[in-house]
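This report concerns only the one structure given below.
Coordinate-derived values only; no laboratory data. A quick note: this is a predicted structure, and the numbers were derived from the prediction, not measured. Every residue, glycine as well, gets a Cβ built from its backbone with ideal geometry; the counts of neighbours run over all protein chains shown.
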Amino acid sequence: MGSEPAPAADAPQFRRLHPATVFVGIIRKLGSMIYLIVIALVMRLVGGGEGDWFEYFIAIIVGLSGGLTLTRYISLRYGFDGDRLVIRSGIFQRQVRTIPVERIQNINFKRNVLHRWLGVVDVKIETAVAGQTEAELSVLSVKDADELRHELLRRKHGELEGPDAAGEAEEVWTTTLKDLLIVGATENRAGVIVAALAGAYYTFYDIAKKLWGPVEEQIKQYVEALLGAGLHTAVFVAVVGIALLILAGWIVSIVLTVVGYYGFTLRRRDDRLRRRYGLFTQVMTVVPIKRIQLLRLEAPILRRLCGFFTVYAETAGSAGDKESGGVTPLGPLVRRRDIARFCRLAFPEFDFDQVRWKPVSRLTIRRGFLRSAFGLLCLVGLLILVDQAARPDRGEARFGLTLLWGIPVALGLSACWAWARYRALAYAELGMFLLARAGVWTRRIWIVPQGKIQSVSLGQSPFQRRLGLAKLGIDTAGSRSLAGAQITDLPYEVAVNVQDKLSRTANAEGLWLLDGV
């Protein structure tokens, strides 16, 4: 008689984050500030270790990050209220966020070594809004994260209709360690090393100058001595330096590829593709097939010569993945003979083996030759001017007429480049799909369902207008942060006709809406 009334059966049951949230938050903040911490530590060592300001600096970081994550752990609750996911947070300033279940596109799980040690996982919730994650629950236990995902799918699809209904997802693609080694070995990340060295040089220049003397002056003297030693010595040292840089970039590329995509597995259940990969940081994501706006096949020249491509999918509203601006790698390494089978995972009605490419205008050869020749001849002219000014006191140049051989070489290279570029540029139409191809060093092939095209833009540079050429840009809902597909150097009349046809088809099909998953 005096007992309290029982809560309603459909009353929301709110849960809190895992207690490890505080510890993970502190470690994450320290990791995000590691650059400043290293600089502060080096400055203290260089300064002789006097004072305790470094300890104060670390204590402040730990204190602030610990306080913020503790507040978040205490205040944040999440739960379902009917067909809505409700997230409550804040102590002084309360915030209640409601996310309709029907608008949720995906739940992504991410775990690094620390997460696996603690038995927790980061959960990111995506909606149809492109460019941002709607909500992030960091961190949850693996059990709570799985229950959240299953409950979400149950409320969205029904007890037995969701993608996670009884039964295992079918494994449709796996990437072996050998495949990852090939991926890393067929690209080069020497630019990453150059950027890192340049950043370290400008950051620690004052420290290096104090420890080892005027670094810049030493480099200048070395370069002058090298140039004075003769052409053969300079060329030999330059070639060795470039070779070492390429080798280092090759090794870095292999390591990053293996670490990033170790154990890559692609599974399929109904209309969803599930990916799982990562050696230290494990990523588990689901890609709804209907959200895929286009496929992009990509291969650097060495990978292409070996007969392999990497397959990417550009999706509408993908925010949980931060790979290359939201592009989702569906297949890190796909053999040329398997491309048709792989593409059918996303587009069952598409047969890549039936594609017949159409060339662009042959006037693109002239355009490519003039552009390339202008740049190379300017470089040769600059080298001649520098060489002539090298020894004004003696009135002679270091290399003399040798550099004049650069002119025919530049013209020959430009002709080869223009022809290769023309051969690479092409487009095709197959049923309701449009394809575009481009790239000499890195070949790219776009496969776009015409019904998912958002816009088709026609552009002309001054030189293209002179030759009667145009470029078509095809954008989908997944091209907000990217360039989309491009068909370069079409005859103007052909470009106008293709633009009109694509616009009419996309408008008639109306498949581009985001809320179609």
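For Leu294, list long-range residues whose amide hydrogen, built 1.01 Å from N in the peptide plane, is under 5 Å from its own amide hydrogen.
For Leu294, whose amide H was placed from the backbone, the distant partners under 5 Å are Glu314.
Can you sort His115, His18, His150 by how many other beta carbons sit within 10 Å, fewest first?
Details: His115 20, His18 23, His150 12.
With the sparsest Cβ surroundings first, the list reads His150, His115, His18.
Hey, what do the phi angles of the range 71-85 turn into as Karplus ³J(HN,Hα) couplings, whole Hz, using 6.51/-1.76/1.60 and θ = phi - 60°, x for Gly and Pro?
Once rounded to whole Hz, the list reads 4, 5, 5, 5, 8, 7, 9, 9, x, 9, 10, x, 9, 10, 8.
For the range 263-290 and the range 410-489, what is the separation of their C-alpha centers, rounded to whole Å?
Here the two parts' Cα centres lie 30 Å apart.
How do 120-127, 460-467, 363-370, 179-186 rank on mean C-beta neighbours within 10 Å, highest first?
Details: 120-127: 22.5, 460-467: 13.1, 363-370: 18.2, 179-186: 20.2.
Taking the mean over residues of other Cβ atoms within 10 Å, the ranking is 120-127, 179-186, 363-370, 460-467.
State the extension gain, in nm to one decimal, for the chain segment bounded by Ile74 and Glu102, taking 0.36 nm per residue of separation less the distance between their alpha-carbons. Each step should come with its number before you reach the end.
On the way: separation 28, 0.36 × 28 = 10.08 nm, distance 2.86 nm.
Working it through step by step, the gained length comes to 7.2 nm.
Lys and Arg at +1, Asp and Glu at -1: add these up for the other residues within a Cβ distance under 10 Å of Ser138 and post the number. Intermediate values should be presented prior to the final figure.
On the way: positive: Arg28, Arg72, Lys110, Lys124; negative: Asp122, Glu136.
Around Ser138, the charge tally is +2.
Please give the length that would be gained between Leu377 and Ala243 if that part of the chain were fully extended, namely 0.36 nm times their separation in residues minus their C-alpha to C-alpha distance (nm, one decimal).
Values: separation 134, 0.36 × 134 = 48.24 nm, distance 2.52 nm.
Between Leu377 and Ala243, full extension yields 45.7 nm more.
How large is ³J(HN,Hα), in whole Hz, for each residue of the range 490-499 in order, when computed from phi with the Karplus curve 6.51 cos²θ - 1.76 cosθ + 1.60 and θ = phi - 60°, using x for Gly and Pro?
So the Karplus estimates, Gly and Pro as x, are 7, x, 4, 5, 5, 4, 5, 5, 5, 4 Hz.
With respect to the cross-link table entries Lys110/Lys452; Lys124/Lys290; Lys290/Lys358, which display a Cα-Cα separation exceeding 22 Å? Walk me through the intermediate numbers first.
Details: Lys110/Lys452 30 Å; Lys124/Lys290 20 Å; Lys290/Lys358 28 Å.
Over 22 Å Cα-Cα: Lys110/Lys452; Lys290/Lys358.
Using a 7 Å offset from Cα along Cα-Cβ at Leu302, what residues in the range 246-279 end up with backbone N under 17 Å from the label point?
Label zone hits: 246-259.
When Lys and Arg each count +1 and Asp and Glu each count -1, what net charge do the other residues less than 15 Å away from Lys471, Cβ to Cβ, add up to? Before the final figure, lay out each step's value.
On the way: positive: Arg367, Arg371, Arg421, Arg437, Arg444, Arg465, Arg466; negative: Asp475, Asp489, Glu493.
Net charge around Lys471: +4.
Gain in length, Ser32 to Gln93, computed as 0.36 nm per residue apart minus the alpha-carbon separation, to one decimal in nm?
Values: separation 61, 0.36 × 61 = 21.96 nm, distance 2.61 nm.
Stretched fully, the Ser32-Gln93 segment lengthens by 19.4 nm.
Which net charge results for the neighbourhood of Phe14, defined as the other residues with beta-carbon distances under 10 angstrom from its beta-carbon, given Lys and Arg at +1 and Asp and Glu at -1? Could you put the intermediate results ahead of the total?
Values: positive: Arg15, Arg16, Arg77, Arg88; negative: Asp81.
After counting each charged neighbour, the total is +3.
What residues qualify as long-range amide H neighbours of Arg268, i.e. H under 5 Å apart, gap of 5 or more or another chain, H built at 1.01 Å from N?
Residues meeting the amide H criterion: Glu170, Glu171, Val172, Arg274.
Using modelled amide H (1.01 Å from N, peptide plane; none on Pro or chain starts), what sits under 5 Å from the amide H of Gln282, excluding residues fewer than 5 places away?
So Gln282 has HN proximity to Arg111, Asn112.
Given R₀ = 45 Å, what would the calculated FRET efficiency be for Leu430 paired with Val113, taking r from the Cβ atoms and rounding to 0.05? List each step's numbers first, then the result.
Values: r = 45 Å, r/R0 = 1.00.
Efficiency at R0 = 45 Å is approximately 0.50.
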